[in-house]
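The values are calculated or read from the model by the stated rules, or taken from the named source; none is laboratory data. The structure presented is a predicted model; accordingly, all values stated were derived computationally and were not measured. Positions of Cβ are backbone-derived with ideal geometry, glycine not excepted, and every protein chain shown enters the neighbour counts.
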Amino acid sequence: MGMTMTQKILAAHAGRANVEAGDYIEADLDVVLGNDITTPSAIREYRGMGASRVYDPHKVVLIPDHFAPNKDIQAAAQCAEVRGFVKEQGISNYYEVGRMGIEHVLLPEQGLVTAGDVIIGADSHTCTYGALGAFSTGVGSTDMAAGMARGKAWFRVPPAIRFELTGKPGPMVGGKDIILSIIGKIGVEGAQYKSMEFTGPGIANLSMDDRFTIANMAIEAGAKNGIFPVDDVTKAYVEAHPCVNPDMKKEFRAFEADPDACYEQTIEIDLSEIDLTVAFPHLPENTHPVGEAKGIAVDQVVIGSCTNGRIEDMEAAAKILKGRRVAPSVRLIVIPGTQQVYLECIKQGWAQIFVEAGGVFSTPTCGPCLGGHTGVLGDGEVALSTTNRNFVGRMGHPGSKIYLAGPAVAAATAVVGTIADPREL
Amino acid sequence: MGKAFVYGDHVDTDGIIPARHLLTSDPDRLAEHCMEDLDAEFVGRVEAGDVIVAGRNFGCGSSREHAPVAIKASGIRCVIATSFARIFYRNSFNIGLPILECPEAVAGISSGDAVHVDFQTGVIENETTGKTFQARPFPPFLLQMVDSGGLTNYVKQALEQEGK
Ligand code: SF4
């Protein structure tokens, strides 16, 4: 029986000709990722395993992005622990504050991940790199420790749902609207334990940034991974973002699903029918077309995160904010995903647009996305955010509310003061 | 064994341990805030041996291992749910928090009921009502890992065998 794209990558990394859904395998890892929250626990487990050297100091990637730049003394201690481990183990992929970015925006940009890789990260949105045609999934700190020690992880080979994309998205509709509407359709456990494999002619109409956003939120449908086929858009992106670390020796490998691959289900999505989409509190599956959200008052708008902190997101927001002012009742916080995105915002004049509009323009960090810092919500406050989770208390007080949307809707909402359709401005 | 704390579907990791408390990985300090935003009384009422009973997709959201760690350190002996989110599922095995999928038990246990679980057989007994339920058995691979004492021990043994 044929294999899906995910199954092929896993088989190749387990040294097997064939795997089937449900098999338990151990796969070799190309990258093991951790951040300032998950790495300290992983270091403790790593020591508990009796490990002394990481399997490959050039394949471990550690990024302080969640509570960094250090939000307080405890955060400083956690980041210092990570830094100490980097030194001790000679880890070459460490990005210090001032050079770092949100991990899932940073890794592809720096060329640390590529097509055909198997990647685990102690962060649930590690599934983002599936956009490049890699198998990439989030794990916990103990898995990360095991990965660092042995260069291997255990997996149950997942079955897959195929999403057949056709058509072209309408004006201002982007990756966020597509993935939110898919989650609205299948629910937050619609792909539980499974791969979401995206195929079809519609993919040619999606930029790399759209694909990163879509793969990023596969976890919000419960999926193990989301994955895109490798095409010219992927190749052009990888060529434009060569690996900055020569010791990593990245190998670009395009895997294709077999023609007779077995899928549990095929879901057809016509991209031209997708509207600008908003997820209402308190689950990402509570989606509505923006028209149904119009008029809901918000206190804060956040544009950024590993979901929408890329160059195209900043551009989409800047286009709408240009020559406009943020509504007096709203606090706008714009956080580019990496230093490169930040610099691009300056070069293109977008930074000036954000500041002139009356918004905050911050250094890269996860910050408000997880209620960490730089925009924590108070009791009863309402936010519209381009982040990925709107659970109770995710961005601050359990009495706050979060609406999720893409950057165009977010920028329009900041201007109007209530959730707004950017096409009507 | 202990009393049941019953919750609904989609209990997420922000509800189990909010990110504002992730400035430590110390299990006991995490346990002080377990379920805080979802059930402010949990920490005051939980006793060693109690169980959590919940609906679908328990543990969805973040990859934070702090979530099963906080639950385990709070004294909870076991989580019984209709289904689990995948990272939470894997983390629980890796850190040695027993979890069982059993929709029938979820339907048949109310808040405060006395519950007993036999991990060998997967039999869950509601001692308050006298009803018993059979949970799905663990797959053999996971049993093996649980038997070797979680992933940390499993890797320790593997490293010793590989001479690293
Ligand atoms: S931006 Fe938000 S979702 Fe993404 S890695 Fe940071 S905290 Fe997690």
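Out of A:Thr374, A:Thr386, A:Thr338, A:Thr365, I need the residue that is of a type in the set (S, T, N, Q) and surrounded by fewer than 20 Cβ atoms within 10 Å (Cβ to Cβ). Which one?
Residue meeting the stated conditions: A:Thr374.
Could you tell me which of the residues B:His21, B:His33, B:His66, B:His10 is within 16 Å of the ligand (Cβ to nearest atom) and surrounded by fewer than 24 Cβ atoms within 10 Å (Cβ to Cβ)?
Going through B:His21, B:His33, B:His66, B:His10 in turn, just one is within 16 Å of the ligand (Cβ to nearest atom) and surrounded by fewer than 24 Cβ atoms within 10 Å (Cβ to Cβ): B:His21.
For B:Phe119, work out the one condition from (1) under 14 Å from the mean Cα position of the chain (by Cα); (2) surrounded by 17 or more Cβ atoms within 10 Å (Cβ to Cβ) it doesn't fulfil.
(2)
Is there a residue being farther than 19 Å from B:Phe88 by Cα, assigned to a helix (DSSP H, G or I) and away from the ligand (no atom under 16 Å from the Cβ) anywhere in the range A:112-123?
Scanning the range A:112-123, I find no residue that is farther than 19 Å from B:Phe88 by Cα, assigned to a helix (DSSP H, G or I) and away from the ligand (no atom under 16 Å from the Cβ), so the answer is no.
Identify all residues within the range A:36-82 that are within 16 Å of the ligand (Cβ to nearest atom) and among the acidic types (Asp, Glu); write none if there are none.
A:Asp36, A:Asp65
Taking the conditions exactly as written (more than 16 Å from the ligand (Cβ to nearest atom), touching a residue at least 24 places away in the same chain (Cβ under 8 Å), surrounded by fewer than 23 Cβ atoms within 10 Å (Cβ to Cβ) and of a type in the set (Gly, Ala, Ser)), does A:Ala293 satisfy them or not?
no
Mind checking whether some residue in the range B:9-19 is within 9 Å of another protein chain (Cβ to nearest Cβ), of a type outside the set (Asp, Glu) and touching a residue at least 60 places away in the same chain (Cβ under 8 Å)?
Yes, the range B:9-19 contains at least one residue that is within 9 Å of another protein chain (Cβ to nearest Cβ), of a type outside the set (Asp, Glu) and touching a residue at least 60 places away in the same chain (Cβ under 8 Å).
Residue by residue, here is whether (1) more than 8 Å from every other protein chain (Cβ to nearest Cβ); (2) surrounded by 21 or more Cβ atoms within 10 Å (Cβ to Cβ); (3) at pLDDT 95 or above; (4) part of a strand (DSSP E or B) holds:
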residue: A:Ala131; (1), (2), (3), (4): yes, yes, yes, no
residue: A:Ser136; (1), (2), (3), (4): yes, yes, yes, yes
residue: A:Asp143; (1), (2), (3), (4): no, yes, yes, no
residue: A:Ala149; (1), (2), (3), (4): no, yes, yes, no
residue: A:Ala153; (1), (2), (3), (4): yes, yes, yes, yes
residue: A:Pro158; (1), (2), (3), (4): yes, yes, yes, no
residue: A:Glu164; (1), (2), (3), (4): yes, no, yes, yes
residue: A:Lys168; (1), (2), (3), (4): yes, no, yes, no
residue: A:Pro171; (1), (2), (3), (4): yes, no, yes, no
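In the range B:122-164, what count of residues is obtained for those that are crowded, with 18+ Cβ neighbours inside 10 Å, away from chain A (no Cβ under 14 Å) and of a type in the set (Val, Ile, Thr)?
1
Could you grab me the full set of residues in the range A:21-67 that are at the interface with chain B (Cβ under 8 Å from one of its Cβ atoms) and not in a loop (DSSP other than H, G, I, E, B)?
A:Tyr24, A:Thr38, A:Pro40, A:Ser41, A:Arg44, A:Glu45, A:Gly48
Determine whether A:His13 is within 25 Å of the chain's Cα centre (by Cα) and away from chain B (no Cβ under 13 Å).
Considered against the rule, which asks whether it is within 25 Å of the chain's Cα centre (by Cα) and away from chain B (no Cβ under 13 Å), A:His13 comes out as yes.
Of all residues in the range A:376-425, which are within 16 Å of the ligand (Cβ to nearest atom) and at positive phi?
Once the filter is applied, which keeps residues that are within 16 Å of the ligand (Cβ to nearest atom) and at positive phi, the range A:376-425 yields A:Gly393, A:Gly396.
Taking helices (runs of 4 or more DSSP H) that fall entirely within the range B:24-105, which contain at least 1 residues that are within 12 Å of the chain's Cα centre (by Cα) and within 10 Å of another protein chain (Cβ to nearest Cβ)?
B:66-73, B:86-95
Tally time: how many residues in the range A:364-405 are away from chain B (no Cβ under 13 Å) and in contact with a Leu (Cβ under 7 Å, 6 or more places away or on another chain)?
5
Taking the residues in the range A:94-105 that are among the aliphatic types (A, V, I, L, M) and surrounded by 24 or more Cβ atoms within 10 Å (Cβ to Cβ) as candidates, determine which candidate is farthest from the ligand (Cβ to nearest atom).
Top of the filtered list is A:Val105.
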